[in-house]
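To start, the structure under review is shown below, and the notes come after it.
The values are calculated or read from the model by the stated rules, or taken from the named source; none is laboratory data. What you see is a predicted model, and the numbers here were worked out from it, not measured in a lab. Please note: Cβ atoms are built from the backbone with ideal geometry, for glycine as well, and neighbour counts cover all protein chains shown.
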Amino acid sequence: MAATNNKLVTEFGVFDVPEQQVETLSQDEKQFVKAKIKKLLKQQNAVLVAHYYVDAEIQMLADETGGVVSDSLDMARFGNEHPASTLIVAGVRFMGETAKILNPEKRILMPDINAECSLDLLCPADAFAKFRAEHPDRTAVVYANTSAEVKALSDWVVTSSIALEVAEYLKSRGEKILWAPDKHLGGYIKETTGADMLLWDGACIVHESFQSEALEALSKQYPDAVIIAHPESPRAVLELAQVVGSTSQLLDAVIKLPAEQFIVATDRGIFHKMREMAPGKLLLEAPTGGKGATCQSCAHCPWMSLNSLQKVLTCLEQGSGEIVVDEAIRKDALTPLQSMMDFGKSRNKSVAGDA
Ligand code: 13P
Ligand code: SF4
């Protein structure tokens, strides 16, 4: 994979990477658009399900209107349990597809249907099917950051917040794992659990750009700062981190740890929630491979940046950005996804039971 400005060059083709989008509405315009969105959410029995990486205004609106801002697992849980008949999924496409797979009766709209994920693009279904066919003795575990088609070819779907536990469980059953697509998360799970895993060669263009040497230098400047990292980051970065976890787990660390300073190796969109939940703590961006025009992501997912207030309004007004998943694929993808949801529930129950 080579990530040059605006292009992702892979063995599976060359993909466009969008320019970072910046909100251009004035304060008055924002208030106007927000008021309209609130009205339409009520009228259409709709709820906003947002990821931590999207624009802070969308996160605030989700909170204000009874929606959710969370990691990808909790987005799936929330959308599944909420009685709304329409879910507005502000994130990237795999999040919208996950919502549709779990809730075929609900209408799933996305502010921008072109919000991709490099991990998804780097794992086309036909190539994954071949990989799977070459290793019939292995249990196929895929990251949630994949298409519905790839999920349909798998035995388990996991998100970063539950991946370690599922791998431990499969290992305890003597199962060998075929993992796709994120090599960094896969490597981290393999090393942490000791599970027998064969890894696909994919990566997130945002997290892959974090630089361990520059991180070490920054850490020397701020010796009291706790380094926290998402497991999509390269191994050398994870080795420097005191906390490795999903976006929710990183947020939790900032809130609960007594430290006052943190170096954060994940998308800077999450700084909004971190500042809100842990006011006064110093949050530093982990260094990336470039600056300004020389870096492709600059620690912010270009596809997540496609979500804007105006587009939330447009999808509600026009019913645009609807997620459609072929029914046969949806049914096949539901089984591995449901396994994760059920596993999460049983684990939560046993944790509550232990208390
Ligand atoms: P989380 O499930 O940790 O929110 O991760 C989703 C993602 O795409 C991170 O880049
Ligand atoms: Fe995908 Fe990376 Fe963007 Fe997350 S940050 S959605 S893994 S490209």
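Values computed for the structure shown
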item	result
Test: S212 is under 30 Å from F12 (Cβ atoms), at pLDDT 95 or above and among the small types (G, A, S)	yes
Single residue of E276, E232 found to be more than 18 Å from N145 (Cα to Cα) and modelled with pLDDT of 95 or more	E276
Residues located in region 302-325, provided they are buried (at least 22 other Cβ atoms within 10 Å of the Cβ), closer than 19 Å to S85 by Cβ and under 21 Å from the mean Cα position of the chain (by Cα)	V312, G321, V325
Residue, farthest from the chain's Cα centre (by Cα), within region 154-177, restricted to residues that are buried (at least 23 other Cβ atoms within 10 Å of the Cβ) and more than 16 Å from ligand 2 (Cβ to nearest atom)	I177
Matching helices (runs of 4 or more DSSP H) fully within region 212-289 where at least 3 residues are touching a strand residue (DSSP E or B) at 6+ places or on another chain (Cβ under 9 Å) and within 16 Å of ligand 2 (Cβ to nearest atom)	247-256, 271-277
Selected residue [surrounded by fewer than 24 Cβ atoms within 10 Å (Cβ to Cβ) and either touching a His at 6+ places or on another chain (Cβ under 8 Å) or under 22 Å from A333 (Cα atoms) (or both)] from T192, T146, T139	T139
Subset of region 263-284 [under 21 Å from the mean Cα position of the chain (by Cα), among the hydrophobic types (A, V, I, L, M, F, W, C) and closer than 22 Å to K220 by Cβ]	I263, V264, A265, L283, L284
Tabulated pairs, region 254-274, first more than 16 Å from A241 (Cβ to Cβ), second in a loop (DSSP other than H, G, I, E, B) and among the small types (G, A, S), C-beta under 6 angstrom, 6+ apart or interchain	I255/A278; R268/A299
Selection status of A129, of a type in the set (A, V, I, L, M) and either within 16 Å of the chain's Cα centre (by Cα) or buried (at least 21 other Cβ atoms within 10 Å of the Cβ) (or both)	no
Enumeration of residues in region 78-98 that are more than 16 Å from ligand 2 (Cβ to nearest atom) and of a type in the set (D, E)	E81
Members of region 1-59 that are surrounded by fewer than 17 Cβ atoms within 10 Å (Cβ to Cβ) and among the charged types (D, E, K, R)	K7, E11, D16, E19, E23, D28, E29, K30, K36, K38, K39, K42
Residue within region 2-13 that is among the hydroxyl-bearing types (S, T, Y), outside the structural domain of A127 (by TED's automatic domain parsing) and either more than 30 Å from G245 (Cα to Cα) or within 16 Å of ligand 1 (Cβ to nearest atom) (or both) present	no
Which numbered condition T139 fails, given (1) within 15 Å of ligand 2 (Cβ to nearest atom); (2) among the hydroxyl-bearing types (S, T, Y); (3) not assigned by TED's automatic domain parsing to the domain that holds S308	(1)
Listing of strands (runs of 3 or more DSSP E) fully contained in region 94-184 that carry 2 or more residues being more than 16 Å from ligand 1 (Cβ to nearest atom) and either in contact with a Cys (Cβ under 6 Å, 6 or more places away or on another chain) or touching a residue at least 12 places away in the same chain (Cβ under 8 Å) (or both)	107-109, 139-143, 177-180
